[in-house]
1. What shape does the range 494-554 have by the C-alpha gyration tensor, where a ≥ b ≥ c are the square roots of the eigenvalues, rounded means a/c under 1.5, and otherwise prolate means a/b greater than b/c and oblate the rest?
2. Under 21 Å Cα to Cα from LYS520, which lysines show up? Leave out anything in the same chain fewer than 8 places away.
3. Please list, by residue number, everything in the range 116-132 whose backbone N is under 16 Å from a paramagnetic label point 7 Å out along Cα→Cβ of ILE252.
4. Between the DSSP loop rule and a limit of at most 11 other Cβ atoms within 10 Å, which trypsin sites (Lys or Arg not before Pro) in the range 471-551 are left?
5. What is the gain in length, in nm to one decimal, between ALA89 and GLU167 on full extension, counting 0.36 nm per residue of separation less the C-alpha to C-alpha distance?
6. Testing the spin-label approximation: label points 7 Å from Cα along Cα→Cβ at ALA465 and LYS272. State their distance in nm.
7. Straight-line reach from LYS360: which lysines have a Cα under 27 Å away, not including same-chain ones fewer than 8 places off?
8. Taking the solvent-accessible surface of protein heavy atoms with a 1.4 Å probe, what is the per residue accessible area of the chain in Å²?
Amino acid sequence: MTDTTTPTPSNFIRTIIDEDNASGKYAGQVHTRFPPEPNGYLHIGHAKSINLNYGLAQDYNGLFNLRFDDTNPEKEEQEYIDAIMEDAAWLGAQWDGRLFHASDYFEQLYDWAEQLIRDGKAYVDDLSADEIREYRGTLTEPGRNSPYRDRTVDENLDLFRRMRAGEFAEGSRVLRAKIDMASPFFVLRDPVMYRILHAPHPRTGNAWHIYPTYDWAHGQSDSIEGITHSICTLEFENNRRLYDWFQEALGIRRSQQIEFARLNLTYTVMSKRKMIRLVQEGHVSGWDDPRFWTLRGLRRRGYTPEAIRAFTEMIGVSKANSVVDMAMLEHAVREDLNARTPRVMAVLEPLKVVIENYPKKQEETFDVPYYKQDKTRTESRPLPFSREIYIERDDFMEEPVKGFTRLAPETEVRLMSAYYIACTGVVKDAAGRIVELRAVYDPATRGGTSTDGRKVKGTLHWVSAEHAIPAEVRLYDNLFAKPFPEENGENFLDNLNPDSLRVMDALVEPSLATAQPGDKFQFVRDGYFVVDPDTRPDMLVFNRTVGLKDTWRP
């Protein structure tokens, strides 16, 4: 037998797969899937699952499916289906034509349901939803059998077929598996398999008046597709008993379910219901709000799929639930962008500097490299310089505190890639606010290097006043002010961060005039930025992806 183990760093899931391959289980095949419900947008937690399932299929030379568990037409929309496909592909997953839907199997699922009825393992129940909950019992008390549990096979088949035909009202009847109402596991206390729902389905239209539950459709869909390792999060651990029971009762191919801990990330809530509230109540501007942890939002903020994959590899896979610090995700993004983004200059809070001894009508350019972090890359751009420039307002202090190394009266600093300048004067408005600085430059320091060996401590970024391009810069922070928005039973909405978005009018160097939405840059000393889709011909718009400061260390 061919050795199909992989040198990739191991985890308990890989150990199980290696053991299965060594024993010949599934004939050495590895076939995984990602099975989202199309009732919302993918978020960073889904990215962990996609990367895990797709990565395993890749590493073991196996197959990967994308399957929509579209069993609840009241909450599913084509918008979500399209978005999930786009986001999964952006993340790097490839399903090579293996795109499936649970609705593809509706007829087969129905036939199997009739098989269970004929085998005496399923029945039509007339109890209401509230009554079913009441009859199910508690953790300390067994459930009670429904009074309809002992209907004959013929009666159950007749009622089930009439349910399919649409003869009964919603909520009037369900089909339940007949397992064990005294089981210590709630999932085995006669779970519901079908409910009546007179709602059109995005793919099957009005063909069905009954729809399978997730628990009934999920395992059988895996079996139909030949999934070998059904990898899911820990909340489905108890459900594994039910999925196994269904597959055993039907005598169909068994998939091996393996559970892992879902991703919990500080400063977020991962509940889809709560995320929908954030959108519908206007706490975010939409599913692609850059403050959101949806893949749409992260992409608009400038996160890369490579960074997200590095993050999911960094946090690993385990059986124990834990919370990952947002700083780890930011670290992965920062590391990725540091290697790939060009360095440019932008001034977010401009303060004008007039260089009095620089000729009034003179202009010159400096050839400045884009990738100072990568000596193998030689791309550069011409950076214009003139008598009037802008620097960051907080790069000047009229009465400098101890340790301040930037511009101050009678203090000399380096203008990055340009000249040494020294502040000679301060201009204030009637309110006493500094509105302009006066300075002189040393012509002998062209390129930012002195010929006499003298050193300066501060280096400032800048833009030429005459050549700078106006831009809108959006500075994003965490949507929540607390790392655990629901700690101690708090309402997560009470912990929204009022300063999660700050919009500034900035000036950027002229090389950015042709920047397009999605282009990424490092603004020197200010962080990593991406051009937002809101950019228009008369105004560049940038989102800050992440700051330069790395607060997390591995």
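1. Details: a/c = 2.27, a/b = 1.40, b/c = 1.62.
Oblate, since a/c reaches 1.5 and b/c is not below a/b.
2. LYS372, LYS375, LYS549
3. Output list for this probe position: 116-119, 121-122.
4. On the way: sites: ARG474, ARG502, LYS520, ARG525, ARG544, LYS549; in loops: ARG525, LYS549.
Here the sparse-neighbourhood loop sites are LYS549.
5. 23.9 nm
6. A separation of 5.7 nm, rounded to one decimal place.
7. Filter leaves LYS352, LYS428.
8. Numbers: 24640 Å² over 554 residues.
Accessible surface, normalised per residue, equals 44 Å².
The values are calculated or read from the model by the stated rules, or taken from the named source; none is laboratory data. Every value quoted in this text rests on a predicted model; they were computed, and no experiment measured them. Quick reminder, even Gly has a Cβ in these numbers, built from the backbone with ideal geometry, and neighbours come from all protein chains shown. Areas reflect the complete protein model, heavy atoms only, side chains present, ligands, DNA and RNA absent. Shrake-Rupley method; radii C 1.70, N 1.55, O 1.52, S 1.80 Å.
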